[in-house]
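Just so you know, all these numbers are worked out from the coordinates, no wet-lab data involved. Model, not experiment: these values are computed from the prediction. Here the Cβ positions follow ideal geometry from the backbone for every residue, glycine too, while neighbour counts run over all protein chains shown.
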Amino acid sequence: MKFFGTDGIRGKASEFPFDNKTVSLIGYVLAEMLDKKGNGILIGRDTRQSGLRILKALQTGINAAGIKVINLGVLPTAAVSYLLKNNNYQAGIVISASHNPYTDNGIKFFSSKGLKLPDKVETKLEKNLVKYIEQKKVLKNNSKIKNLSGKNLIKQYEKFLLSLVPKNLLEGKKIAIDCANGASSKIAVDVFEKLKAKVVVINNKPDGKNINFNCGALHPEVVAQTVKKQKAFCGFAFDGDADRVISVDEKGNVRDGDYFLGVVAKYLKDNGKLKNNTLVITVMANLGLLKAAKEQKINVVTSKVGDRYVYQDLKKYKAILGGEQSGHIIFKQLLDTGDGLTSALQLLNILIEQNKTLSAMCGWIKKYPQILINQKVKTKVPLEKLPETLKFIKQTEKKLGNDGRVLVRYSGTENLLRVMIEGKNKTEIKKLAQQIAKVAVIEVEKNKV
């Protein structure tokens, strides 16, 4: 049994391992590994209808191990990381499947310092969990443990956000935000209004099922339409747990994480603030960003997909800025994980300081056409066991040369094979990507493990 993907445990909310018994064991296994001295485990969640049930099941397991839970309610993932870093709690959990539909859910783990757990700790958790499942371990109810509400702690996170930029920074600025009917639905509006922005908010009425549904960071074209219609200064689309953000310029052009990282990296470099002159990206970053960074003489470090791997490389190379095309952005001097709200405020601060529009700030980055195919697979056969697919990938790479690249990988959170190709000719790369996906699927079906 394998539980952990690139960001905790994720799957269908109505299926194993998200049944109440297994979720309780997950809570127990985490709590069992912790020092019993401390103020408890913080738990936050997004707006999915399954979240409250999973919270209660986790509480049962954590309490059985002798540790109390502080229920933070609905709030962004990054808020849990921030509160852990700035208070004295034993660990943190976020119940969220991020950008996935409401039928999915997930459990993300954070250390007492607010960091995503390293692979070796996840491996130990998984090993113990499997052991208890096989033993059919029964947990004892611990009625002596008194769980607490932590909603008052949310004010700490909000105060942190407001401290990032000058007071009244956004006075008179019309900002459109899409909250994806998720964790940012209340706090994002509160923060932007307190900064005196003219907020145009959409998709901030969660009902447990509409999280990420045709909205938010997965569908930035929705807020782009609002930006154009309302003639806003710019717009932002958050995902379900608000750890990522996609920007939209004043013309309604969608500007993903590649543009965001390029704009901020250049600004920091020009102002002598880009530590070690280094930007950390992932293998999914567009070739256009790589070439633009090279022209600006910015050093680029490429990490694996996943914001915790970006963080690891930020630490390794003593850099302060990194992120993903998908909108996870880490400002390491502020937070140790991606935060859509922090990112949006940092970008707005730069735009207003420079007295420029987002489209003007993005002008120096010329992105290559990119095709991404997400192909469903029943099982993830290791790519090294797909010789025909590897052969076709090498042929494609040779054909594209220095003006393109190919990346084939499995999703860390879903049963998807991702085929990404960049090149100068969109029609050509689309055809090549489709061919690779077709060859791979046929070979996967023949080589199921």
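Could you tell me which of the pairs Lys21/Lys378; Lys251/Lys356; Lys173/Lys356 are separated by over 20 angstrom between their Cα atoms in the structure shown?
Lys21/Lys378
How far apart, in nm, are the 7 Å Cα→Cβ label points at Gln230 and Lys275?
Here the answer is 3.5 nm between the modelled labels.
So how do 156-166, 89-99, 171-181 stack up, highest first, on mean other-Cβ count within 10 Å? Walk me through the numbers on the way to the answer.
Details: 156-166: 16.3, 89-99: 26.6, 171-181: 23.5.
Going by the mean number of other Cβ atoms within 10 Å, highest first, we get 89-99, 171-181, 156-166.
Dipole of the chain (Lys/Arg Cβ +1, Asp/Glu Cβ -1, origin at the Cα centre): which of Gln395, Gly114, Ile442 lies farthest to the positive side?
Comparing the listed Cα positions along the dipole, Gly114 ranks first.
Mind jotting down the distance between the C-alpha centroids of the stretch 42-115 and the stretch 255-270, whole Å?
Comparing the Cα centres of the stretch 255-270 and the stretch 42-115, I get a distance of 31 Å.
Using the Kirkwood formula on the Cα atoms of the stretch 226-306, what hydrodynamic radius do you get, in angstrom to one decimal?
One over the average 1/r among Cα pairs gives 13.9 Å for the stretch 226-306.
Pairwise over distinct Cα atoms, reciprocal of the mean inverse distance: report the Kirkwood radius of the stretch 149-249 in Å, one decimal place. Please list the in-between numbers first.
On the way: mean 1/r = 0.0732 Å⁻¹.
Hydrodynamic radius (Kirkwood, Cα pairs) of the stretch 149-249 is 13.7 Å.
Hey, what's the per residue convex hull volume over the C-alpha atoms of the stretch 321-449, in cubic angstrom?
140
For the chain, modelled as a Gaussian network with Cα springs under 10 Å, which listed residue fluctuates most, Lys366, Lys385, Lys21?
Of Lys366, Lys385, Lys21, the most mobile in the Gaussian network model is Lys385.
Can you give the extra length, in nm with one decimal, that the chain gains between Lys12 and Lys385 once fully stretched, where that is 0.36 nm per residue apart less the Cα-Cα distance?
Values: separation 373, 0.36 × 373 = 134.28 nm, distance 2.78 nm.
Between Lys12 and Lys385, full extension yields an extra 131.5 nm.
With each pseudo-label sitting 7 Å past Cα toward Cβ, what's the Asp119-Asp190 distance in nm, one decimal?
Each label point is offset 7 Å from its Cα along the Cβ direction, giving 3.9 nm.
What order do you get for 405-415, 141-151 when each peptide is scored by the mean count of other beta carbon atoms within 10 Å, highest first? Write out the running numbers ahead of the final one.
Details: 405-415: 17.7, 141-151: 12.5.
Final packing ranking: 405-415, 141-151.
Binning every alpha carbon pair distance of the chain at 20 Å from zero, what are the percents per bin?
25, 57, 18, 0
Ordered by residue, what ³J(HN,Hα) values in Hz, to whole numbers, does the stretch 141-156 give under the Karplus form 6.51 cos²θ - 1.76 cosθ + 1.60, where θ = phi - 60° and Gly and Pro are x?
5, 10, 6, 6, 6, 10, 6, 10, 8, x, 4, 5, 5, 4, 4, 4
Of the options Val165, Pro206, Val227, report the single residue whose Cα projects farthest towards the positive end of the charge dipole of the stretch 135-255 (beta-carbon charges: Lys, Arg +1; Asp, Glu -1).
Positive-most Cα among the choices belongs to Pro206.
With no solvent and one equal point scatterer per Cα, compute the Debye intensity ratio I(q)/I(0) for the stretch 273-332 at 0.14, 0.15, 0.21, 0.22 Å⁻¹ and report its log10, rounded to two decimals.
Here log10 of I(q) over I(0) equals -0.31, -0.36, -0.71, -0.78.
Among the DSSP beta bridges whose two residues both lie in the chain, what percent are antiparallel, rounded to the nearest 5?
DSSP beta bridges in the chain are roughly 55 percent antiparallel.
For a Förster distance of 41 Å, can you work out the FRET efficiency between the beta-carbons of Gln333 and Asn168, rounded to the nearest 0.05?
Calculated transfer efficiency: 0.95.
In debye to the nearest 20, how big a dipole does the chain give about its Cα centre with +1 on each Lys and Arg Cβ and -1 on each Asp and Glu Cβ?
480
Cα centroid distance between the stretch 315-385 and the stretch 405-439, in Å?
Using only Cα atoms to place each centre, the spacing works out to 20 Å.
Sorting check: for 186-192, 9-15, which peptide has the highest mean count of neighbouring beta carbons within 10 Å, and how do the rest follow?
By packing density, highest mean first, the sequence is 186-192, 9-15.
Evaluate E = 1/(1 + (r/R0)^6) for Lys438 and Thr302, where r is the Cβ-Cβ distance and R0 equals 25 Å; express this FRET efficiency to the nearest 0.05.
0.35
Once you list every other residue whose beta carbon is under 14 Å from the beta carbon of Lys194, what net charge do they have if Lys and Arg are +1 and Asp and Glu are -1?
Charge balance in the 14 Å sphere: +3.
Expected output is a single nm value to one decimal: the length gained when fully extending between Lys366 and Lys446, i.e. 0.36 nm times separation in residues minus the C-alpha distance. What is it?
The Lys366-Lys446 span can extend by a further 24.8 nm.
Relative contact order of the chain, please, whole-number percent, based on alpha carbon pairs below 8 angstrom and at least 6 residues apart.
Reported as a whole number, the value is 13 percent.
Compute, for the stretch 231-386, the length of the dipole vector about the Cα centre, with Cβ point charges of +1 (Lys, Arg) and -1 (Asp, Glu) only. Units Debye, rounded to 20.
So the magnitude is around 540 debye.
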